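First comes the structure, then the notes that go with it.
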Amino acid sequence: MKAIVFDSSTIISLVTSCLAWILRELKKATEIEFLIPRKVYEEVVVAALRNWNYKLEGVRVLNLIGQNILKVEDLKETNREASRFLNLANNLFYTKRRNLRLIHYGEAEAVGLCKVLGVKNLAVDEKTTRLILEDPEKLKSLLESKLHMKIRVNERNLRNLRENYGDFNVLRSTELLALGYEKGVFANFLGGCGMDGKLRRDCLLGALRLLKLNGCAIGGDEINEYMEIFFGGLRA
């Protein structure tokens, strides 16, 4: 299946940055299916609509669903796969006192839906889940620095994670933004402004930094790398 499964974090980053329109344009340009599991729907729509501070974001996501840009997948098999990943991830690292609970069910259900559907593309802006899948050793080092204590690894769980989830292609909202830029989706967005090179640079740089501000785990050096790829640097 040519699809991407979304965790709540990536949707929140895009919606709060007023960049959710990129998904609509990407769907037109690529015909990729954008999927969310039931728990993610509950987090980004149901819970948001109950909170005055997030009602607008909830309406924006609901609009994406109503336009068939986002599709909610509610499959029974997802629960089993989600629980399996949740157990592995939350029993991966431990100290002398306890196991470290690192993720919640929403992230696990997104991973579980990928497994059930055979989808390898997972959109996650939150750093912890991404590092569990991509680089557990780096996550261990970061946790030790943050907690100021020695952290041990459950080697059996680590092997299971690598064997069952090591082939995931983990994306962030910034990767989707870059893909959209490559596909030319900014042409319509900037149609009334002209296609001046500096304006295009400013638009992309501003969007990348806004996503970072709104929760995407991306460093300034990575943003500079994007600008180098597309424009030969910030001042090109």
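Bear in mind these aren't lab numbers, they're just calculated from the coordinates by the rules spelled out. Given the structure is predicted, the values throughout are model-derived calculations rather than measurements. In this analysis, Cβ positions are derived from the backbone assuming ideal geometry, glycine residues included, and neighbour counts consider all displayed protein chains.
Taking every alpha carbon pair in the range 173-231, what does the distance histogram look like in 10 angstrom bins from 0, in percent?
22, 58, 20, 0
Return SER173, SER13, SER145 ranked ascending by Cβ neighbour count within 10 Å, so the fewest neighbours appear first. Each step should come with its number before you reach the end.
Numbers: SER173 33, SER13 28, SER145 9.
Ordered by Cβ neighbours within 10 Å, fewest first: SER145, SER13, SER173.
Please compare each pair in LYS138/LYS212; LYS127/LYS212; LYS39/LYS120; LYS146/LYS212; LYS27/LYS198 to a cut-off of 23 Å on the Cα-Cα distance and tell me which ones are over it.
Checking Cα-Cα distances, LYS27/LYS198 exceed 23 Å.
Of the candidates ARG97, ARG152, ARG162, which one comes out as most mobile in a Gaussian network treatment of the chain with C-alpha springs shorter than 10 Å?
Looking only at ARG97, ARG152, ARG162, the biggest GNM fluctuation is shown by ARG97.
What percent of all Cα-Cα pairs in the range 1-131 falls in each 10 Å bin, counting up from 0?
Per 10 Å bin, starting at zero, the Cα-Cα P(r) for the range 1-131 comes out as 13, 42, 32, 11, 2, 0 percent.
Could you work out how far the C-alpha centroid of the range 49-89 sits from that of the range 103-154, in angstrom?
Result: 18 Å between the Cα centres.
Rounding to the nearest 20 debye, state how big the charge dipole of the chain is about its Cα centre with +1 on each Lys and Arg Cβ and -1 on each Asp and Glu Cβ.
It works out to roughly 700 debye.
At 0.36 nm per residue, and after removing the present C-alpha to C-alpha distance, how many nm does the segment from TRP21 to ASN154 gain when stretched out fully? Provide the component values of the computation, followed by the final result.
Values: separation 133, 0.36 × 133 = 47.88 nm, distance 4.17 nm.
Separation in residues times 0.36 nm, less the Cα-Cα distance, equals 43.7 nm.
What number results when the radius of gyration of the range 68-191, computed over Cα atoms, is divided by 2.2 N^0.38 Å?
Taking N as the residue count of the range 68-191, the ratio is 1.23.
Among ILE151, VAL119, LEU210, whose Cα sits farthest toward the positive end of the charge dipole of the chain (+1 at Cβ of Lys/Arg, -1 at Cβ of Asp/Glu, about the Cα centre)?
Positive-most Cα among the choices belongs to ILE151.
Taking other Cβ within 10 Å of each residue's Cβ, how do SER8, SER141 sort, fewest first?
Arranged by neighbour count, lowest to highest, SER8, SER141 become SER141, SER8.
Restricting to the range 1-156, compute how many DSSP beta bridges are antiparallel as a %, nearest 5.
Within the range 1-156, antiparallel bridges account for around 25 percent of the total.
Let me know the Kirkwood hydrodynamic radius for the chain, please, with Cα pairs as the basis and the value in Å to one decimal.
Details: mean 1/r = 0.0531 Å⁻¹.
One over the average 1/r among Cα pairs gives 18.8 Å for the chain.
Which far-off residues, 5 or more places away or on another chain, put their amide H under 5 Å from the one on ALA123, with H placed in the peptide plane?
VAL5, PHE6, ASP7, LEU171
So for the pair ASN99, ARG80, with labels modelled 7 Å out along Cα→Cβ, what separation do we get in nm?
Placing both labels 7 Å beyond Cα along the Cβ direction yields 2.0 nm.
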